[in-house]
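The values are calculated or read from the model by the stated rules, or taken from the named source; none is laboratory data. As the structure is a prediction and not an experimental result, all values here were calculated from the model. Because the Cβ atoms are built from the backbone with ideal geometry, glycine has one as well, and the counts that use them run over all protein chains shown. Surface accessibility is based on the protein's heavy atoms, side chains included, excluding ligands, DNA and RNA. Shrake-Rupley method; radii C 1.70, N 1.55, O 1.52, S 1.80 Å.
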Amino acid sequence: MIRIPIPQLTTDRRNELAKMAHKYAEGAKVAVRGVRRDGMEQIKTFEKKKEIGEDVSKNWHDEVQKLTDQYIKRLDEALADKEKDIRQV
């Protein structure tokens, strides 16, 4: 068994960790938005090829946006929880 003593986190280090968490969350948001963009483009392609109608296209656009908003909200909540944990003394 190896024991490694880890000192208490300083305020500066906590702030750095919170910034890193924010950076990772922002990267995840960008990825979610990229998936939304790809989905929207596929829907437009289907509509241009006349494979789906305008009503279906509109419904799918709304559904993709709702899912995007849902996952962005989850990311924001996870970030808030993580920042709270990091900053807690």
(message) I'd like the full set of residues that are open to solvent by 100 Å² or more (accessible area, probe 1.4 Å), outside any helix (DSSP H, G or I) and out of contact with any Ser or Thr (no Cβ under 9 Å at 6 or more places or on another chain), limited to segment 46-86.
(response) 49, 50
(request) Tell me which of these residue 9 doesn't satisfy, since it passes every other one: (1) of a type in the set (A, V, I, L, M, F, W, C); (2) outside any helix (DSSP H, G or I); (3) open to solvent by 100 Å² or more (accessible area, probe 1.4 Å). (result) (3)
